[in-house]
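Right, one structure below, let's go through it.
The values are calculated or read from the model by the stated rules, or taken from the named source; none is laboratory data. Because the structure is a prediction, the values reported are computed rather than measured. Using ideal geometry, Cβ is built from the backbone for each residue, glycine included, and neighbour counts are taken over all protein chains shown. Surface areas here come from the heavy atoms of the whole protein model, side chains and all, with no ligands, DNA or RNA. Shrake-Rupley method; radii C 1.70, N 1.55, O 1.52, S 1.80 Å.
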Amino acid sequence: ATHLVWLRNDLRINDNSALHAACRSANARVIALFIATPGQWAQHHMAPKQAEFIWQSLLDVQRSLAKKGIPLHIAECDDFTASVALLQDFCREQRVDRLFYNYQYEVNERQRDAMVERTLFDQDVMVQGFDDSLLLPPGSVLTGNREMYKVFTPFSRAFVKRLKEGLPECLPAPDVRNGGAIDTHDHSLTAFNYPREAVDARLFPAGEQAAIARLREFCQQPVTEYPEQRDLPARDGTSRLSVYLATGVLSPRQCLHRLLKQHPRGLEDQQVFVWLNELIWREFYRHLLVAWPSLCRHQPFTRWTRGVKWRDDKQGLLAWQQGKTGYPIVDAAMRQLNSLGWMHNRLRMITASFLVKDLLIDWREGERYFMSQLLDGDLAANNGGWQWAASTGTDAAPYFRIFNPTTQGERFDKSGEFIRHWLPELRAVPEKYIHQPHEWAKKSQQSLDYPLPIVEHKQARQQTLDAFEAARKQT
Ligand code: FAD
C-alpha cells in the first residue's frame, strides 16, 4: 500500500501525528508532499520572510525524511482550488491508497480540505485527518453549557484542569523504513514562485534541531525569569519560538513536555506557568476561530464596533508602517518588525494601540500589514492580537483604556536602550529625554533628523473615545 503524508504547516518529523500514523504499518510505501500555493499566499498577505523560512524548513524536513527512507516531493500551483486537482493527479500517478494530514482550522483551509476529502473519496483514497497543531483540539474545552469560552481566564483554568486529567502524548519521529535511507536528489522545484526575503539566521535559525535546541535552552533558565523579563523589549526575555510554532517546525506538545521535564510542577508553579499561559493564549485564539469562523473573514467579534468611523489617513498609515510617527517606542518597534520580521509582544500591543487609538485607522489595515511582515504571521494569533488592541474582540482591552505611547515607552524601555538600537538618529539624546527627543532638541538647540509627533496624544485619545461612543450609541 502507498501512504501519502501531505505536509502543510507541520514541517517536522518529530511529534507529527499524520506522519506517525502513515508510518505505523512497516510494509507501506510512505511518501510525502508539500504544495506551495503562491496565489493563495498572496491573498493571505504572507510575508516574504515567512516564505523564505518555509522554504528553508522544507529543505531541512526533506533531508530528515530522506534519512528515514521517505521522499518529500515539493509541488506548486496557484491556489487552494488548484491544489485539490494537483493532489488528485498526484495520488493517481503515485497510486496512493491512503492520505494522512494534520488539520488547519482557518476557513479557506477547511474548505480546501473538505473538497480534497470529497474528490479523493471518489478516487477510492482513504483520507485521515488529525488534530495536531494544538495541545487540545478545538471544541474540547467548553463551558458548563457546552459553549466555547469568550473570556480567557476561565478558558485557561478549564484548560489546565483538562491537562491535569491527562497530558497529550508526544510522538517520536518515525523509524527508518524497510528500504533504508534515500538520497535527497531533488526532482522538485528550485524555489517557490513567491517573493522571498532573507531571515536573520542568528535569531531564527531554520530547522527542527535548531528549534528544539532553543526550546531546551529556554526551558532551562530563561523561563523562570520570564515573568520579570517578558515585558522588556531590550532583553532577550521571551522564547522567540513563535515562528517555529506558526510553521509547525515545533509542536506545542513538544513545548509542554520539555517544560514539564525541566519543571515537573510547571502546571502549578506560578513562575513557570506564566509562559505556559501564553501557549494557552495561542490555543484560545485558535479555538475561537473554529467557534466563530467569521473571525477568518476579519469581522469584529463585538458587533457594535462595526459602526466605528475610521479615518482614511494614508500618510498616517505610511508613517506608522515606516516607523516615522515621532513616537520613539512606536517607531523603534516598527523598525524591528520591518527589519527582523518579528516584534516583541509588548511592542505589538503598543504599536497596534497607536494605529487604532491614536491614528483612528481601521485595525484591519494593521492586521494586514503585520501579516505582510511577520515571520510568525498566523491568522488566529494576529487577528486575536489586533482585535484585543482595537477593543473589537472578545475579552479585549476596553475601548476607553488607551495606551499613552510616551508613558509606555518610559515604563518598558526606561533607559531607551531598545529605542537607541533601532533609531540611530536618536543615539545622542540623553536618557531623560529619549521618549520626547524634540524637547531636548529645543532646549539644547540641536537639530534632529527625526519627525515631530504626527498626532498629539491627548487630542487623538479624545477623538477615539468620541468615535467609539458614537458607534456604541447607534446600537
Ligand atoms: P513567548 O512570549 O515566548 O510566548 C511563547 C509562545 O506562545 C509564542 O511563541 C506564541 O506561539 C504563543 N503566544 C505568546 N503570546 C501570544 C498571544 N498573545 N497570542 C497568541 N499566542 C501567543 N503571535 C503569533 O504567533 N503570530 C502572529 O501573527 C501574532 N500577531 C500578533 C499581533 C498583535 C497585535 C499582538 C498584540 C500579538 C500578536 N502575536 C502573534 C502574539 C505574540 O506577540 C507573539 O506570539 C510573541 O511575541 C512571539 O514571541 P515569542 O515566541 O518570544 O513569545
Quick calc: nm separation of the 7 Å Cα→Cβ label points for residue 110 and residue 368 -> 2.4
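Once you order the gyration tensor axes a ≥ b ≥ c over the Cα atoms, which shape class does segment 322-475 get: rounded for a/c under 1.5, otherwise prolate or oblate by comparing a/b with b/c?
Working: a/c = 2.34, a/b = 1.42, b/c = 1.65.
Oblate shape, in that a/c is at least 1.5 and b/c is the bigger or equal ratio.
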Output ordering of 14-26, 122-134 (per-residue mean of other Cβ within 10 Å, highest first) is 14-26, 122-134
Expressed as a whole-number percentage, the relative contact order of segment 1-141 with C-alpha contacts under 8 angstrom and at least six residues apart is 32
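Just list whichever of 357/458; 49/414; 49/309; 161/261; 150/314 have alpha carbons separated by over 22 Å in the model shown.
On the way: 357/458 11 Å; 49/414 31 Å; 49/309 33 Å; 161/261 19 Å; 150/314 34 Å.
Over 22 Å apart, Cα to Cα: 49/414; 49/309; 150/314.
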Taking a crude spin-label model, label points 7 Å out from Cα along the C-beta direction, the residue 338 to residue 28 distance in nm is 4.9
Here the percent of antiparallel bridges among DSSP beta bridges lying wholly in the chain, to the nearest 5, is 5
In nanometres, the difference between 0.36 nm per residue of separation and the alpha-carbon distance of residue 216 and residue 452 is 80.5 nm
The distance between the Cα centres of segment 353-370 and segment 195-243, in whole Å, is 27
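Which FRET efficiency, nearest 0.05, do residue 162 and residue 401 yield, Cβ-Cβ r, R0 25 Å?
On the way: r = 31 Å, r/R0 = 1.25.
The formula returns an efficiency of 0.20 here.
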Per the 1/(1 + (r/R0)^6) rule, R0 = 25 Å and r from the Cβ atoms of residue 117 and residue 274, FRET efficiency to 0.05 is 0.05
Sorted on mean Cβ neighbours within 10 Å (highest first), peptides 41-52, 85-96 come out as 41-52, 85-96
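Report in % the part of the accessible area of the chain that belongs to carbon and sulfur, leaving out ligands and nucleic acids; probe 1.4 Å.
Carbon-and-sulfur percentage of accessible area, whole number: 48.
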Protection proxy (average C-beta count within 10 Å per residue), highest first, orders 145-155, 333-343 as 333-343, 145-155
In nanometres, the difference between 0.36 nm per residue of separation and the alpha-carbon distance of residue 444 and residue 183 is 87.3 nm
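Rounded to the nearest 5, what % of the DSSP beta bridges within segment 28-154 are antiparallel ones?
Details: 1 of 11 bridges.
Expressed as a percentage, antiparallel bridges in segment 28-154 total about 10.
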Length gained if residue 170 through residue 143 is fully extended, taking 0.36 nm per residue and subtracting the Cα-Cα distance, is 7.1 nm
If every Lys and Arg gets +1 and every Asp and Glu gets -1 at its Cβ, then about the Cα centre the chain yields a dipole, in debye to the nearest 20, of 980
The answer for the chain, accessible area per residue at 1.4 Å probe in Å², is 44
Phi angles of segment 368-373, converted by Karplus (6.51 cos²θ - 1.76 cosθ + 1.60, θ = phi - 60°) into ³J(HN,Hα) in whole Hz with x for Gly and Pro, give 5, 5, 4, 4, 6, 10
Per 10 angstrom bin, beginning at 0 and ending with the bin that holds the maximum distance, the Cα pairs of the chain fall in percents of 4, 18, 28, 26, 16, 6, 2, 0
